[in-house]
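*Asks:* Got a structure for you, written out below as structure tokens; questions coming shortly.
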Amino acid sequence: MNLLVIQAVLYILNRTTNYTAGGTFFEEVGEGDQVIVLCHGVGLDLTMWDKQVPALAPNFRVVRYDMLGHGHTAARPDVTAIGDFVVQLKELLDFLDIGKLTLAGLSMGGIIAQGFAIDAPERLEKLILMNTVYRRTDAELKGVRSRLKMTLDKGLEPIADLALDRWFDDAFRQANPDVVNRIRNRLISNDLTAYSTAYKIFVEADREIGAALKQVRCPTLVMTGELDTGSTPELAYRMAEDLRDAQVVILPGLRHLAPLEDPSQVNRVLLEFLGTDLVHS
């Protein structure tokens, strides 16, 4: 039995799943002194981190959760801004009695992480921004605005198929049909209103976040795929320009869901940034 299989078995045996008093579904595993919290992207759920948790858990207390209106966490009718998702995250941390943490977010999760960095900078030990966006131009917003309109006009299935075309190349789709089908099923199983609300907040987030990263003082990893057409390498370097202590990693040949496309490479980068020698592939 190889090391990765052993890690996965131990993770399954030792994980804790639960709901906070506010209704947030979360999963917790590991007993390290350092805490890392993982925040997924819009339309997805905490399972997008399945390949990262077993690699992180031997050295960290790992918490992942479903954001509002996603997975097993119910939507709330009063959600209108990134700040509402930041409040949810703070409620989760308080429920688990977590003070300082490393926060990792992908795509919309990365925007939530930026919002948290504005709201509670003293709680951040490190920040990890994966395949996310920052200070987008009108040209960079054109695609997401179009996809929001498509969602409202045509529903979830067309937008899910469009997302898969952007997120995975033909070779990955042929080699990993189970992964692609699981992501598609996750996308089309969303509540249309909750998804549309979250996506609209994602589209409009730049006005709320502004130049937030200029306020961040902790070490920050900015990571994206070389071929990510939404969270481009250009955007990654734009983030780094506003950060005091930034490391940029552009993942060769990868697109938007790097943790699923090449988990070994992503895990190696994460563990190196987090300062552990236990690099698992």
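The values are calculated or read from the model by the stated rules, or taken from the named source; none is laboratory data. If you're wondering where the values come from, they're calculated on a predicted model, not measured in any experiment. Glycine also receives a Cβ, built like all others from the backbone with ideal geometry; neighbour counts cover every protein chain displayed.
*Asks:* Output the number of the condition that A139 fails; it satisfies all remaining conditions of (1) over 26 Å from G210 (Cβ atoms); (2) surrounded by fewer than 15 Cβ atoms within 10 Å (Cβ to Cβ); (3) aliphatic (A, V, I, L, M).
*Replies:* It fails just one condition, (1).
*Asks:* Still on this structure: Take the residues in region 252-277 that are touching a residue at least 24 places away in the same chain (Cβ under 8 Å) and not in a helix (DSSP H, G or I), then tell me which one is surrounded by the fewest Cβ atoms within 10 Å (Cβ to Cβ).
*Replies:* It comes out as P252.
*Asks:* While we're here: For region 226-246, name all the residues that are assigned to a loop (DSSP other than H, G, I, E, B), of a type in the set (A, V, I, L, M, F, W, C) and over 25 Å from A171 (Cβ atoms).
*Replies:* L243
*Asks:* Also, quick follow-up: Under the condition of being without any contact (Cβ under 8 Å) to a residue 60 or more places away in the chain and not in a strand (DSSP E or B), which residue from region 55-70 is farthest from P263 (Cα to Cα)?
*Replies:* In this case the residue turns out to be D66.
*Asks:* Give the residues of region 17-51 that are modelled with pLDDT under 95 and buried (at least 21 other Cβ atoms within 10 Å of the Cβ), sorted by residue number.
*Replies:* Hit for region 17-51 is G30, nothing else.
*Asks:* For region 35-54, which residues satisfy the criterion of being assigned to a strand (DSSP E or B) and out of contact with any helix residue (DSSP H, G or I) (no Cβ under 8 Å at 6 or more places or on another chain)?
*Replies:* Within region 35-54, just V35 meets the criteria.
*Asks:* Follow-up. Scan (1) at pLDDT 95 or above; (2) touching a helix residue (DSSP H, G or I) at 6+ places or on another chain (Cβ under 9 Å); (3) within 21 Å of L38 (Cβ to Cβ); (4) not in a strand (DSSP E or B) for the single condition V249 breaks and write down its number.
*Replies:* It fails just one condition, (4).
*Asks:* Scan region 254-274 for residues that are touching a strand residue (DSSP E or B) at 6+ places or on another chain (Cβ under 9 Å) and either closer than 14 Å to V53 by Cβ or of a type in the set (G, A, S) (or both) and jot them down.
*Replies:* Those that are touching a strand residue (DSSP E or B) at 6+ places or on another chain (Cβ under 9 Å) and either closer than 14 Å to V53 by Cβ or of a type in the set (G, A, S) (or both): A258, P259, V266, L270, L274.
*Asks:* Further question: With the checklist (1) within 23 Å of T232 (Cβ to Cβ); (2) assigned to a helix (DSSP H, G or I) in hand, flag the one item I128 doesn't pass.
*Replies:* With (1) within 23 Å of T232 (Cβ to Cβ); (2) assigned to a helix (DSSP H, G or I) applied to I128, the lone miss is (2).
*Asks:* Then there is this: How many residues does region 157-187 hold that are free of Cβ contacts under 8 Å to residues at least 12 places away in the same chain and under 21 Å from V144 (Cβ atoms)?
*Replies:* The number of residues fulfilling the criteria is 2.
*Asks:* Continuing with this model, one more query. Looking only at region 98-139, count how many residues are more than 18 Å from Q52 (Cβ to Cβ) and among the small types (G, A, S).
*Replies:* Matching residues across region 98-139 total 5.
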